[in-house]
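The values are calculated or read from the model by the stated rules, or taken from the named source; none is laboratory data. Please read these numbers as outputs of a predicted model, since none were measured by experiment. A quick note on method: Cβ atoms are made from the backbone with ideal geometry, for glycine too, and the neighbour counts reach across all protein chains shown. With ligands, DNA and RNA removed, areas are computed over all heavy atoms of the protein, side chains included. Shrake-Rupley method; radii C 1.70, N 1.55, O 1.52, S 1.80 Å.
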Amino acid sequence: MSSGSNKTPHAGSVAIFYITDRGRGLAERLAGYYPAAETKKYSARFPSQLWKKDNTLVFIMASGIVIRTIAPYMKDKKSDPAVIVMDEKAQHVISLLSGHLGKANQKAREIAGFLGGEAVITTASDLNNLPSIDLWAEANNLVIENWDMLSKVGTKLINRGTLSVYDEIGIILPPEFKRVDDLSHADLLVTNNIYDIDINSCGLSFPLAGNLSAKAAGKDAGQAGMTKQGKINCDTSGKLILRLKNLVLGIGCNSGTSEQEIESAVIKTLADHNLSFLSLHSLSTIDIKKNEPGLVSFAAKFGLDLQTFGADELNTVKGVTPSPAAKRATGAQAVAEPSALLAAGGRTLLVPKQKIGNVTVAVAKKTERRRKMEYGKIFIVGTGPGSIDHITPYAQKAIRGSDSIVGYGTYLDLIQDLIADKEVVATGMTQEIDRCRKAIELSSDGRTVAVISGGDPGIYAMAGLVLELLKNQHSESGTRSPEIEVIPGISALNACASRLGAPLMHDFASISLSDRLTQWETIEKRLYAAAMADFVIALYNPKSKGRTEHISRARQIILQYRSPDTPVGIVRAAMRENESVIITDLEHMLEHDIDMQTTVIIGNSKTLTWNNLMITPRGYEKKHQFRTNE
Ligand code: SAH
């Protein structure tokens, strides 16, 4: 992919191991598709530094060898790399480990697509065409709290085909997930809140400092119902819990406060308000505390960013509780509350300042800017005339690297193997505008979207339409636009010309006979001009069921300037299974089947036929060196 693109189809490094010479040949071929791939001769001493999340390890050898090699390194699905095994002939490309989060399934399909083999996928959700919960969570920035429930709830989804979801964030759900209002009926919760107050945790999977648990909130409350503080109390065992990382903590502390004390104060604040630690996005404070050792090491321990603001900036925030002590010490009206609000970009606090020993903590919810800020990318991809072999490797990579695919049924059918695991939005032939709008909408959510066009995307296809819609959207509202990359494909013109020999060797004009978007008078004018100027003429969209007369009108016009024996090539379904190629002439061309899968190429006054091929001479015959036999 271009180095300038912000989301390349492949992240992480790719290492390809082989044993035999034939394996090495295949490894080198595969490496051609992955610019940064390394090929390595397999040895029993596996380079353990490669065992890293985001890496892809491809082994061209027997699966037994691979299993024995990787067994000592395997940890869990959160951190293991994608492991793929394939045979030397690339007949079977097996996704062995980390099918979902490691993307081994996706990569096995991709590799099978590149090498012409079959991907072997064994994860049940893929086989049943159901969403994978972990991939969906990752795509929506949700953190899984109780990994032990993932496979149980996943099995429920596979057995029942649907899941009940209680969601407080307003996340987009796949169609198989049904929203429920009563959390006790949900299989899956998307929330920042802790509802099960009897569980001695606030989302932390490590021992809690001082055992400040969520119990503090409502230890006298019953098994279900409301706690003393008016919070819902519900038994969440058996439910999968997902957290959105969107809470920002504002923290103030006296100099020299220990990491331990800060941690305890944070845990107590969250627990008292039934908020999950896993929902923490970042910390914020006043700039003079940016090197405060306890605060810095607390942030580092949990991998949280620490954002700081100057006193002047903190003093611009309205509606916070003033702190005379902070004013005396720092010049700021307060620290915890205004820094939380500034960092979160919001106006209201979720939890006002809590003073616990030497620490003050306030909590604000980060405002949802994802939709506007993080526009994704749109690839407008040309998939050529038909078979996958005629799609460029670059275009294949872009398709494989996209989250969503938007296109028209027939073209999508032709590339089924490349997109089997993708979210696909298919619309009918005449709904191009809907398709482009949908692509823009999907990309506004941060997704990478491939808009599929047959042939070349910039020739009677989708590229112009996407750009026009974006241009209009931009001038209407001044909103940001997604990054766009147009990826060329082999147009019908190239494909059909190649089947006919060399008809386009000299100047040519291409004219679409469809008057759906262009007035027929304009089309006629262009036919006259091209015929008169002796251009070779390629006719796209020559004839449809409801529009049969245009091709004969075009022929009449061209016959006014060209002889009836001018060669004409009629190519139907080029590079597809039902391809047909006919070479005839202007006089007889209408005797052959012509439809919307056909392109007609009409020679110029010099075009000749030889050996059932069309040749439009370029002029070499006039040059001395051409006449070698004379
Ligand atoms: N973007 C496409 C053209 C779309 S217009 C491209 O660059 O090829 C649709 C027209 O293209 C069809 O009516 C037909 O005239 C032509 N066409 C597309 N695929 C074709 C194929 N495989 N064989 C012959 N003509 C084809």
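Taken together, the residues in the range 22-77 that are touching a strand residue (DSSP E or B) at 6+ places or on another chain (Cβ under 8 Å), closer than 18 Å to Glu88 by Cα and aromatic (Phe, Trp, Tyr) amount to 2.
If you go through the range 162-188 and keep only what is out of contact with any Cys (no Cβ under 9 Å at 6 or more places or on another chain) and of a type in the set (A, V, I, L, M, F, W, C), you end up with Leu163, Val165, Ile169, Ile171, Ile172, Leu173, Phe177, Val180, Ala186, Leu188.
Figure legend. Inter-residue proximity from the range 133-155: first residues farther than 15 Å from Asp187 by Cβ and in the same structural domain as Ser276 (by TED's automatic domain parsing), second residues assigned to a helix (DSSP H, G or I) and open to solvent by less than 70 Å² (accessible area, probe 1.4 Å), beta-carbon distance below 7 Å, spacing 6+ or different chains. Indicated pairs: Val143/Leu278.
In the range 490-516, the residues that are of a type in the set (Val, Ile, Thr) form Cβ pairs under 9 Å with partners that are assigned to a strand (DSSP E or B) and within 14 Å of the ligand (Cβ to nearest atom), at six or more places apart or across chains, as follows: Ile490/Gly382; Ile490/Gly384; Ile490/Gly455; Ile511/Ile537; Ile511/Ala538; Ile511/Leu539; Ile511/Tyr540.
Would you check which residues across the range 578-596 are in contact (Cβ under 8 Å) with a residue 40 or more places away in the chain and either open to solvent by 60 Å² or more (accessible area, probe 1.4 Å) or within 11 Å of the ligand (Cβ to nearest atom) (or both) and list them? Those that are in contact (Cβ under 8 Å) with a residue 40 or more places away in the chain and either open to solvent by 60 Å² or more (accessible area, probe 1.4 Å) or within 11 Å of the ligand (Cβ to nearest atom) (or both): Glu579, Val581, Ile594, Asp595, Met596.
Would you check if there is a residue in the range 377-384 being more than 30 Å from Ala574 (Cβ to Cβ) and more than 16 Å from the ligand (Cβ to nearest atom)?
First, pick out the residues of the range 377-384 that are more than 30 Å from Ala574 (Cβ to Cβ): 377.
Filter again for more than 16 Å from the ligand (Cβ to nearest atom), leaving 377.
Yes, the range 377-384 has at least one match.
Looking at Tyr394, is it touching a residue at least 60 places away in the same chain (Cβ under 8 Å), open to solvent by 30 Å² or more (accessible area, probe 1.4 Å) and away from the ligand (no atom under 14 Å from the Cβ)?
Working: touching a residue at least 60 places away in the same chain (Cβ under 8 Å): yes; open to solvent by 30 Å² or more (accessible area, probe 1.4 Å): yes; away from the ligand (no atom under 14 Å from the Cβ): yes.
Yes.
Listed residues Thr616, Thr566; which is out of contact with any Leu (no Cβ under 6 Å at 6 or more places or on another chain), open to solvent by less than 60 Å² (accessible area, probe 1.4 Å) and either within 16 Å of the ligand (Cβ to nearest atom) or touching a residue at least 40 places away in the same chain (Cβ under 8 Å) (or both)?
Values: Thr566 fails: out of contact with any Leu (no Cβ under 6 Å at 6 or more places or on another chain).
After ruling out the rest, the residue left standing is Thr616.
The residues of the range 146-165 that are farther than 13 Å from Gly238 by Cβ and assigned to a strand (DSSP E or B) amount to a single one, Val165. Would you be able to say whether some residue in the range 448-457 is out of contact with any helix residue (DSSP H, G or I) (no Cβ under 8 Å at 6 or more places or on another chain), over 21 Å from Thr599 (Cα atoms) and within 16 Å of the ligand (Cβ to nearest atom)? No, every residue in the range 448-457 fails to be out of contact with any helix residue (DSSP H, G or I) (no Cβ under 8 Å at 6 or more places or on another chain), over 21 Å from Thr599 (Cα atoms) and within 16 Å of the ligand (Cβ to nearest atom).
Among strands (runs of 3 or more DSSP E) entirely within the range 233-339, having at least 3 residues that are at negative phi and surrounded by 23 or more Cβ atoms within 10 Å (Cβ to Cβ) singles out 240-244, 247-253, 280-286. No other residue among Ala538, Ala533, Ala502 is touching a Ser or Thr at 6+ places or on another chain (Cβ under 9 Å), away from the ligand (no atom under 16 Å from the Cβ) and of a type in the set (Gly, Ala, Ser) apart from Ala502.
When you go through Ser552, Ser514 one by one, which is the residue that is within 12 Å of the ligand (Cβ to nearest atom) and either surrounded by 21 or more Cβ atoms within 10 Å (Cβ to Cβ) or not β-branched (Val, Ile, Thr) (or both)? Don't jump to the end; show me each part of the working.
Details: Ser552 fails: within 12 Å of the ligand (Cβ to nearest atom).
Only one candidate passes the filter, namely Ser514.
What do you reckon, is Gly546 within 14 Å of the ligand (Cβ to nearest atom) and buried (at least 16 other Cβ atoms within 10 Å of the Cβ)? So that I can check it myself, show each step before the final result.
Values: within 14 Å of the ligand (Cβ to nearest atom): yes; buried (at least 16 other Cβ atoms within 10 Å of the Cβ): no.
Against the criterion (within 14 Å of the ligand (Cβ to nearest atom) and buried (at least 16 other Cβ atoms within 10 Å of the Cβ)), Gly546 does not qualify.
For the criterion of being modelled with pLDDT of 95 or more and within 37 Å of the chain's Cα centre (by Cα), Thr599 passes. Would you check if Gly409 is open to solvent by 10 Å² or more (accessible area, probe 1.4 Å) and in contact with a strand residue (DSSP E or B) (Cβ under 7 Å, 6 or more places away or on another chain)? When the stated conditions are applied, Gly409 passes them.
Going residue by residue through the range 30-38, is there one that turns out to be at pLDDT 95 or above and either surrounded by 13 or more Cβ atoms within 10 Å (Cβ to Cβ) or outside the structural domain of Gln106 (by TED's automatic domain parsing) (or both)? Show your work before the answer.
The initial filter retains those residues of the range 30-38 that are at pLDDT 95 or above, namely none.
No, the range 30-38 contains no residue that is at pLDDT 95 or above and either surrounded by 13 or more Cβ atoms within 10 Å (Cβ to Cβ) or outside the structural domain of Gln106 (by TED's automatic domain parsing) (or both).
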